[in-house]
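The values are calculated or read from the model by the stated rules, or taken from the named source; none is laboratory data. Just so it is clear, the model here is predicted, and its values are computed rather than measured. Here the Cβ is made from the backbone with ideal geometry for all residues, glycine too, and neighbour counts use every protein chain on show.
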Amino acid sequence: ATIMDALEGKTSKRKSCVDNDKVAVLTAWHRVDCRTRDAIRRNFLPELVNNYEQCVRAFVKESDRDVLVLRVQDPFQRLLLHGVCEFYNLISVTTSETEGSKAVKMTRITKKKAGSTDLPNITLCDFLKMAKEGSW
């Protein structure tokens, strides 16, 4: 009976971790604006989303900087970037700046002052892949 109790205890701990991960990723997903969520689901570009996630996760985890600036000129790609920022509870603002005679879009990403910087264990890209495959 004690072996069974021990096994059940391990299973419930593992299930609790999985449940916590699911809650964390769903909470993060629901932070993303509904129109952005629709656009991400309709035109899922895993490599691009993954690249944005790597930049953003490194900024949150490893950077002492207050601001991450990315130059993304394509409007749809900027929408995806803003969605990734919302997922990770970051503030993102795009502005137009002039470099010589050319207008350039700059997206400034900052950490929220009072927000949690805990990153979900499940990335947005992985979550979207699982949802698409129906394994969510």
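Figures for the structure shown
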{"quantity": "Of all residues making up the range 54-66, the number that are β-branched (Val, Ile, Thr) and at pLDDT below 95", "calculated": "1"}
{"quantity": "Residue ID - surrounded by the fewest Cβ atoms within 10 Å (Cβ to Cβ), chosen from residues in the range 63-97 that are part of a helix (DSSP H, G or I) and charged (D, E, K, R)", "calculated": "Arg78"}
{"quantity": "Pair list, Cβ under 7 Å, 6 or more apart: the range 37-51 residue among the hydroxyl-bearing types (Ser, Thr, Tyr), other residue at pLDDT 95 or above and not in a helix (DSSP H, G or I)", "calculated": "none"}
{"quantity": "Pairs, first closer than 18 Å to Ile122 by Cβ in the range 53-65, second of a type in the set (Val, Ile, Thr) and surrounded by fewer than 16 Cβ atoms within 10 Å (Cβ to Cβ), C-beta under 9 Å, six or more apart", "calculated": "Val60/Thr117; Lys61/Thr117"}
{"quantity": "Criterion violated by Phe44 - all others in (1) modelled with pLDDT of 90 or more; (2) not in a helix (DSSP H, G or I) satisfied", "calculated": "(1)"}
{"quantity": "Asp33 vs. criteria of a type in the set (Asp, Glu), surrounded by fewer than 16 Cβ atoms within 10 Å (Cβ to Cβ) and within 13 Å of the chain's Cα centre (by Cα)", "calculated": "yes"}
{"quantity": "Which numbered condition Lys105 fails, given (1) surrounded by fewer than 18 Cβ atoms within 10 Å (Cβ to Cβ); (2) touching a helix residue (DSSP H, G or I) at 6+ places or on another chain (Cβ under 8 Å); (3) at pLDDT below 95; (4) not in a helix (DSSP H, G or I)", "calculated": "(3)"}
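Conditions (1) under 19 Å from Ala39 (Cα atoms); (2) at pLDDT 95 or above; (3) out of contact with any Gly (no Cβ under 9 Å at 6 or more places or on another chain), marked per residue:
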| residue | (1), (2), (3) |
| --- | --- |
| Cys85 | yes, yes, yes |
| Val93 | yes, yes, yes |
| Glu97 | no, no, yes |
| Gly100 | no, no, yes |
| Ala114 | no, no, yes |
| Leu119 | no, no, yes |
| Leu128 | yes, no, yes |
